[in-house]
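Here the structure is laid out as structure tokens; the discussion comes afterwards.
The values are calculated or read from the model by the stated rules, or taken from the named source; none is laboratory data. This is a predicted model, so every value here is computed, not measured. Cβ sites come from the backbone with ideal geometry, for glycine too, and all protein chains shown count toward neighbours. Heads up: the accessible areas ignore ligands, DNA and RNA and are worked out on the full protein's heavy atoms, side chains in. Shrake-Rupley method; radii C 1.70, N 1.55, O 1.52, S 1.80 Å.
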Amino acid sequence: MNVQAKVRKKHIPTEKEADFLSKVQNAKYDRQIVTGLQKFMDGKVDDDMKDFYTEEELAEIAALKGTNRDIEARMPVKMTRHYFERARVSPSVRTLVKASPAETFDLAGSEDPGKQMSYSPVEGLIHKYELGLIYVAGTCSAHCRFCYREELIAKKEIVREDGSIQAKGLAQIPELVEYIKEHNKIVDENGGRHPETGRERLREILMSGGDPMVLANKGIASWWAALSEAGIESIRLGTKELAFFPDRFDDSFFQMMDDFHEAYPETRLRFMIHFNHPDEFLDKDEDGNYIPVEGGGLKWVESTGRAVKEFGKRGFVTLDNQAPIIKNISDDPDAKRIMQRELRRAKVENHYFFCGRDIVGHKAFNVPIEEAWNILNTSQRGLSGVEAHARLSITHYYGKTEVVAVTNEPIPGVPHAENGVVIFKLLRSAEDAPKKGQVAIVGRNPDAIWFDDYKDRVISDEAGLFSIKA
Ligand code: SF4
């Protein structure tokens, strides 16, 4: 049964909400998206795109169609013209967006990474911590091959908590508003914690998907107003649109954002942006070098730079970058150093870098945990304190976890510590806030790409990361 088709409730906007929404203008965008590989195979793409895939590459991918190694069934292929222009001059950007037969060589992985369905009380909502994540869109303007939401974007059927099998659905405003109000009422009546789950008030919502920026201004505005009215203090919006199609951040969008701030001045907006590599936003000269700007810094791609500057003019909104560390895309410490420095110059906070999740096919993308820590640590050499804020995080089923340190020296007399140790710290436990800050220490395993790979070498585990299945 389709959960979303069950009951269609209606959201009745308040007067203030309706007044704000009446001002919102939608604009039209021409992203010039190429969807799927068939157009490349038929030679029906623009002339300058025709050699994006070689004939051999297309033949190899075509041979997998309909088999269990079908590339497009694992993750649909999609690219904007803007991103194609970046890919032309950047091997890393090309690898990010270009389908490859290597993606399905090894299909090991989870269909529901992080076991999100265990935390989904309402369709399209993942409720962990004091933060709720909602799926509001099922696609992005282009698709990263390593996407950790491939099950949502490819509309794969997954097993639910109740044993039923169906694709993940999107959140709807009426159901979500009702859930937030009810949850917070129970928490308030119970002295600040939910009597069953122990969770605090739901005060932050992260709009995600897919990319919420594929919605029209009115769609985004409806969510913001409804969430604000429901008592949400801080709305985050996860987007890669600054990389895929920065012209989406046009005057009509900023006007809508300003009007929202005027109507709801207490609600904070945080954009969680997603740059993997500086080639996504920095211009290059004919020799492939970044272009220094007189007085400091490097030249940005014009449309991206303009959008980021517009954000920077507004004190009520913040930009934080977070991105996974992916093989052959974002594993170069020098590129990472440039990216962190330039982002900070543009008032973008470097928030998290992530170890890749255990998605289906993750072996084609994931960098081992200890190598990822080394990449980030090396990249931060030479950065100032404010430029080097980013931490390396890995999302355990139990909660968000930081990879704090990887040591090289043996610890005499400690079993498993012959080659040094890895220290994990629980940043946020999905259920139990007091566990924050607790650590786990394991012996090193340079090949480890997931928690399971350390199961046989746990030294200390006060956080409980290894006592339940990751
Ligand atoms: S932007 Fe995020 S959700 Fe969209 S394809 Fe890339 S990883 Fe997936």
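Before moving on, here are some points about what is shown:
- Share of pairwise Cα separations in segment 118-172, more than 17 Å, in percent: 41
- Cα-Cα P(r), segment 353-417, percent of pairs per 10 Å interval: 18, 40, 32, 10
- Once Rg and the Kirkwood radius are both taken over the C-alpha atoms of segment 164-217, their ratio Rg/Rh works out to 1.08.
- Note on segment 1-86: semi-axes of the ellipsoid equivalent to its C-alpha gyration tensor, largest first and rounded to whole Å, are 40, 23, 8.
- Put simply, the C-alpha atoms of segment 238-347 give a gyration tensor, and the ellipsoid matching it has half-axes of 27, 16, 12 Å, longest first.
- Convex hull of segment 112-257 built on C-alpha atoms - directionally averaged projected area, nm²: 9.1
- Rounded percent of accessible protein surface that carbon and sulfur make up, segment 283-397, 1.4 Å probe: 46
- Distance in nm between pseudo-label sites at Phe316 and Val293 (7 Å out along the Cβ direction from Cα): 2.6
- Probing with 1.4 Å while keeping every protein chain in the model, the per residue accessible area of segment 144-297 equals 40 Å².
- Here the convex hull built on the C-alpha positions of segment 24-149 has a volume of 166 cubic angstrom per residue.
- Solvent-accessible surface (1.4 Å probe) assigned to Leu319 amounts to roughly 10 Å².
- Summarised in one figure, the compactness ratio Rg/Rh of segment 210-272, Cα atoms and Kirkwood Rh, is 0.94.
- Cα-Cα P(r), segment 298-447, percent of pairs per 5 Å interval: 2, 9, 15, 17, 18, 16, 11, 6, 3, 1, 1, 0
- Share of carbon and sulfur in the accessible heavy-atom surface of segment 160-226 [1.4 Å probe, %]: 48
- Per-peptide average of other Cβ atoms within 10 Å, ordering 221-230, 399-408, 296-305, 237-246 highest first: 237-246, 221-230, 399-408, 296-305
- Projecting the alpha carbon convex hull of the chain along each direction and taking the average yields 24.5 nm².
- Assigned charges on the beta-carbon of Lys, Arg, Asp, Glu; the chain dipole about Cα centre (debye): 700
- Signed unit charges on C-beta, dipole axis of the chain, positive-most listed residue Ala307, Thr54, His261: His261
- Taking the inverse of the mean reciprocal distance over all distinct Cα pairs, the Kirkwood hydrodynamic radius of segment 90-181 comes to 15.0 Å.
- Of the peptides 11-21, 447-457, the order by per-residue mean of other Cβ atoms within 10 Å, starting with the highest, comes out as 447-457, 11-21.
- Taking 0.36 nm per residue of sequence separation and removing the Cα-Cα distance, the Val414/Ala73 pair yields an extension gain of 118.1 nm.
- Considering only the Cα atoms of segment 172-290, their convex hull presents on average a projected area of 9.5 nm².
- Debye intensity ratio I(q)/I(0), log10, segment 177-246, q values 0.27 Å⁻¹ (C-alpha model): -1.16
- Excluding ligands, DNA and RNA, the accessible surface per residue across segment 1-115 is 58 Å² with a 1.4 Å probe.
- Accessible area per residue in Å² at 1.4 Å probe, computed on segment 318-470: 41
- For segment 192-212, backbone nitrogen atoms closer than 14 Å to the point 7 Å from Lys436 Cα along Cα-to-C-beta are found at 199-204.
- When each of Lys327/Lys455; Lys78/Lys155; Lys23/Lys347; Lys50/Lys299; Lys299/Lys327; Lys400/Lys425 is checked by Cα-Cα distance, pairs over 18 Å: Lys327/Lys455; Lys23/Lys347; Lys50/Lys299; Lys299/Lys327
- According to the Cα-based calculation, Rg over Rh for segment 385-450 is 1.03, with Rh computed by the Kirkwood formula.
- Residues whose amide H comes within less than 5 Å of that of Lys128, counting only those at least five positions distant or on another chain, are Leu133 (H built at 1.01 Å from N in the peptide plane).
- Gain upon complete extension [Asp188, Arg8; 0.36 nm per residue less C-alpha separation]: 62.0 nm
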